[in-house]
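Contents: one structure, followed by commentary.
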Protein chains: 2
Amino acid sequence: MKCTVCRGPAIIDIRRHNAYFCPEHFLRLCRDQVAKAIKDFSMLEPADRVLVAVSGGKDSLAVWDILLELGYRADGFIVGLGIGAYSSSSTQHARAYAVRRGANLLEVDLPTTYGYDIPEGAKAARRTPCSACGLTKRHLFDKAAVDGGYDVVVTGHNLDDEAAVLFGNVLHWHTDYLGRQAPVLPARGGFPKKVKPLVRLGEREMAAYCVVRGIEYIVEECPMAEGNRHLHYKEALNAVEARSPGAKFDFYHRYLANAAAAFRVAEADDDLGSCERCGAPCSNEICAFCRLVERATTPQPVTLGPRRRRGANTTTDRPTIEERTP
Amino acid sequence: MKCTVCRGPAIIDIRRHNAYFCPEHFLRLCRDQVAKAIKDFSMLEPADRVLVAVSGGKDSLAVWDILLELGYRADGFIVGLGIGAYSSSSTQHARAYAVRRGANLLEVDLPTTYGYDIPEGAKAARRTPCSACGLTKRHLFDKAAVDGGYDVVVTGHNLDDEAAVLFGNVLHWHTDYLGRQAPVLPARGGFPKKVKPLVRLGEREMAAYCVVRGIEYIVEECPMAEGNRHLHYKEALNAVEARSPGAKFDFYHRYLANAAAAFRVAEADDDLGSCERCGAPCSNEICAFCRLVERATTPQPVTLGPRRRRGANTTTDRPTIEERTP
């Protein structure tokens, strides 16, 4: 197995490129693919102050590293979600990377600052954990970006993530979510611009990137995400990809090129108000995050027997927040 | 396992309906689902003269049988494709059904009437077998319907077929094919109306229908269709269906309800001309079928060595005819 570029010993094959790469040229490929995504979708300007939403996993640490390598002014931001050992390990990996790299990591600890963690907060608010977590993180990323004067929020969603969300939205033909699925969400009504520079790279490549760069990351999936339908969608797409390398890339990128416009709707958000409690832009008096905080931190009445519909929200076919605003 | 309707012994479960059925109520379910599809999509009028495109497989024999049970005036039409034992067995099953039922079966034998069979004709015309076969059958169905004064052509495409074609078109975002994927193609420019009354029933149900009704059909897949990508698409969708019963039904029917309009384009076909040879409506001087016949029946020059690109057309990623006009 020789590197397609330099004929040196290769360490990875990428079937959709029909190519093999040595460590040096694999890293170059990853940087080039990110640079191409940034350019093609007008994600970042050279002078932008960038806030990377970091989870401690491979994708967010890799995209942070690649942006720093490409010369962007990128700080990290991590939320301590209070999901036991998973969260503490995630934070440690993010801190270790920041220290080693001499990069700036902002932190907010959910239990300390807001008085709840994701497992208990989701239960109290009768949301699925993924829904409560998504809502929480989006709000805190937005707030950190606005408070810190950042121009853009970067997330580590990779090609597999985006293709799986697209597949889920297509399976149900949620045309409104399809209309909002894009690698760039422009700034609007007080929300910061958000971009996904990894949409040309899969999760296998991001794991390999971290290994080659010596970046330690949390390997485990979040323990709350078990049974998440996106994992099944990934499996189904992987079966197609195994027979037709490149199928996943085409599925996502041809969607953007050929079909996304058919579902796009004008966002009527110029008249967004502000949350009475936190000031965040929102269309109600109290924003969804503040309502979640209130429910998550209010002592729950003890109800007896059959009146309490335990886990009622977890079995519906309602799409998760991730599907709605990917 | 008891019938959900009458509590008698059930012979089949249908997970997406979360129900079990005895033979009698299963047959009623199939007829009801076909009647609902016919009504919802305005497929047939009671007085219509209907031509059913029969292959000898479970779907086309079942839809013919159900239409006769529902009281429609439905004749069958089969093309002898010359694919060895597969074709002769197919024709025998169709004839046996027609005789037993006292129904009228029209037949055209491709080698006898047009001088080629699908395997040799496809090779000579440098098309994939599925492409040559689809083109041939569509032309002959259209011609038989027009010549015989039929109001509408019925095909046996079932839910699995349509969902797989949709999945293929979505994976590649062939927006023009998406725009034409519908359970009803209206009559236009000399082409007859075409409808698919089985879009609410899966292939498992159609096999069971034939078994319960004692209809013998050809079980084998066409030997030319091996490696057909639709079979892989069916597998991927089946994996999703296994975890979420009803996913396939929703995928197809929500497409029709929520998204199909976004891809529909006005067909500019009012000024179609006629083929100089056969008179069929077409936009060129000679229609695609007559060109196929010409190439398939013209002796091929012997070419030597590397000049002949053997099978060049079979390895491209071009969609098959089925994807284009499902």
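The values are calculated or read from the model by the stated rules, or taken from the named source; none is laboratory data. Bear in mind that the values here come from a model prediction, so they are computed numbers and not experimental data. Reconstructed Cβ throughout: ideal geometry from the backbone, glycine too, with neighbour counts over all protein chains shown. These accessible areas exclude ligands, DNA and RNA; they are computed on the full protein's heavy atoms, side chains included. Shrake-Rupley method; radii C 1.70, N 1.55, O 1.52, S 1.80 Å.
Screening B:G149 against (1) within 14 Å of chain A (Cβ to nearest Cβ); (2) small (G, A, S); (3) open to solvent by 10 Å² or more (accessible area, probe 1.4 Å) leaves a single unmet condition, (1). Evaluation of A:G168 against the conditions (1) open to solvent by less than 10 Å² (accessible area, probe 1.4 Å); (2) away from every other protein chain (no Cβ under 14 Å); (3) in a helix (DSSP H, G or I) shows that the sole unmet condition is (2). Taking (1) hydrophobic (A, V, I, L, M, F, W, C); (2) part of a helix (DSSP H, G or I); (3) in contact with a Phe, Trp or Tyr (Cβ under 9 Å, 6 or more places away or on another chain) in turn, B:V153 satisfies each apart from (2). Restricted to region A:232-247, and to residues there that are charged (D, E, K, R) and under 22 Å from B:P245 (Cβ atoms), the residue that is farthest from the other protein chains (Cβ to nearest Cβ) is A:K234.
Residues checked against (1) within 14 Å of chain A (Cβ to nearest Cβ); (2) open to solvent by less than 20 Å² (accessible area, probe 1.4 Å); (3) not small (G, A, S):
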position: B:K137; (1), (2), (3): no, no, yes
position: B:A163; (1), (2), (3): yes, yes, no
position: B:P183; (1), (2), (3): no, yes, yes
position: B:F191; (1), (2), (3): no, no, yes
position: B:C210; (1), (2), (3): no, yes, yes
position: B:Y217; (1), (2), (3): no, no, yes
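Considering each of B:E203, B:E226 in turn, give the residue that is closer than 30 Å to B:P119 by Cβ, under 20 Å from the mean Cα position of the chain (by Cα), away from chain A (no Cβ under 14 Å) and among the acidic types (D, E). It would help to see each step written out before you state the result.
Numbers: B:E226 fails: away from chain A (no Cβ under 14 Å).
It is B:E203.
It is to be established whether one or more residues within region A:248-264 are more than 12 Å from chain B (Cβ to nearest Cβ) and touching a Phe, Trp or Tyr at 6+ places or on another chain (Cβ under 7 Å). Show your work before the answer.
We begin by selecting, within region A:248-264, every residue more than 12 Å from chain B (Cβ to nearest Cβ); these are none.
Within region A:248-264 (the criterion being more than 12 Å from chain B (Cβ to nearest Cβ) and touching a Phe, Trp or Tyr at 6+ places or on another chain (Cβ under 7 Å)), the answer is no, since none of the residues qualifies.
Only a single item in (1) under 28 Å from A:R254 (Cβ atoms); (2) within 16 Å of the chain's Cα centre (by Cα) is not met by A:L70, and it is number (2).
Here A:S42 meets each of (1) open to solvent by 60 Å² or more (accessible area, probe 1.4 Å); (2) assigned to a helix (DSSP H, G or I); (3) polar (S, T, N, Q) with one exception, condition (2).
Within region A:88-106, residues that are within 14 Å of A:A62 (Cα to Cα) sit with their Cβ atoms under 9 Å from residues that are small (G, A, S) and assigned to a helix (DSSP H, G or I), at 6+ positions apart or across chains, in these pairs: A:A94/A:S60. Scanning region A:229-253 for residues that are modelled with pLDDT of 90 or more, under 21 Å from the mean Cα position of the chain (by Cα) and over 30 Å from A:G190 (Cα atoms) yields a total of 10.
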